[in-house]
């Protein structure tokens, strides 16, 4: 199946002890999930590599007859056009000194959901990675010329296995699948995420 476009990237911080999504001021948003929307110029690319890998060859009768099963170790090269500064520091695990400075601390556990679409744009294909770390390996600071020279937020997501997923690192979802449940997918990827609920105006306590 062909797919087109990068519709949305969403991120969240996961508590390493409980496996639950971190919400509020300690997380990336009140609900815990941060969607990189067009308001911050969106995401340019999310290039997933190492989804699968070859196992060790098994030989018999003078020929290759089988190979061992090996788990993939996906890595995602992310290119954000204009990620908010404080969100970026939280994703990288940089800690504020309270005076405008940020120093590298322990890298947090990050969950990532990437949404693409089918060729007819009627359904979405999602790549969920519930356990990983994000690093910024370089910062290519450049001078402006007669044109403005922009340097994107180029970050690398490295995945780890998820116990609930048979220790696989990535799960693929398809909105056109029978009984697809977006809320269940979000909870699956983002450590029990639940949609925020609002109390109707005028309701009692």
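The values are calculated or read from the model by the stated rules, or taken from the named source; none is laboratory data. None of these values were measured; they are calculated from a predicted model. Note: ideal-geometry Cβ built from the backbone for every residue, glycine included; neighbour counts use all protein chains shown.
Quick look at the values:
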{"quantity": "Residue in segment 109-129 that is touching a residue at least 12 places away in the same chain (Cβ under 8 Å) and over 30 Å from residue 2 (Cα atoms) present", "calculated": "yes"}
{"quantity": "Residues (touching a residue at least 60 places away in the same chain (Cβ under 8 Å) and within 23 Å of residue 150 (Cα to Cα)) located in segment 59-86", "calculated": "76, 77, 78, 79, 80, 81, 82, 83"}
{"quantity": "Selection within segment 86-107 - in contact with a helix residue (DSSP H, G or I) (Cβ under 9 Å, 6 or more places away or on another chain) and assigned to a strand (DSSP E or B)", "calculated": "94, 95, 96, 102, 104"}
{"quantity": "Filtered residue count, segment 1-47, keeping only those that are outside any loop (DSSP other than H, G, I, E, B) and farther than 21 Å from residue 119 by Cα", "calculated": "15"}
{"quantity": "Residues located in segment 156-168, provided they are outside any helix (DSSP H, G or I), in contact (Cβ under 8 Å) with a residue 24 or more places away in the chain and farther than 15 Å from residue 46 by Cβ", "calculated": "160, 161, 162, 167, 168"}
{"quantity": "Some residue of segment 178-198 being at pLDDT below 95, touching a helix residue (DSSP H, G or I) at 6+ places or on another chain (Cβ under 9 Å) and surrounded by fewer than 13 Cβ atoms within 10 Å (Cβ to Cβ)", "calculated": "yes"}
{"quantity": "Condition check for residue 95: in contact (Cβ under 8 Å) with a residue 40 or more places away in the chain, under 25 Å from residue 10 (Cα atoms) and touching a strand residue (DSSP E or B) at 6+ places or on another chain (Cβ under 8 Å)", "calculated": "no"}
{"quantity": "Odd one out for residue 26 among (1) farther than 20 Å from residue 191 by Cβ; (2) surrounded by fewer than 13 Cβ atoms within 10 Å (Cβ to Cβ); (3) in contact with a strand residue (DSSP E or B) (Cβ under 9 Å, 6 or more places away or on another chain)", "calculated": "(1)"}
{"quantity": "Any chance residue 37 is over 18 Å from the mean Cα position of the chain (by Cα) and free of Cβ contacts under 8 Å to residues at least 60 places away in the same chain", "calculated": "no"}
{"quantity": "Enumeration of residues in segment 108-155 that are part of a loop (DSSP other than H, G, I, E, B) and within 26 Å of residue 181 (Cα to Cα)", "calculated": "119, 120, 121, 122, 123"}
{"quantity": "All positions within segment 48-76 that are in a strand (DSSP E or B) and surrounded by 12 or more Cβ atoms within 10 Å (Cβ to Cβ)", "calculated": "48, 67, 75, 76"}
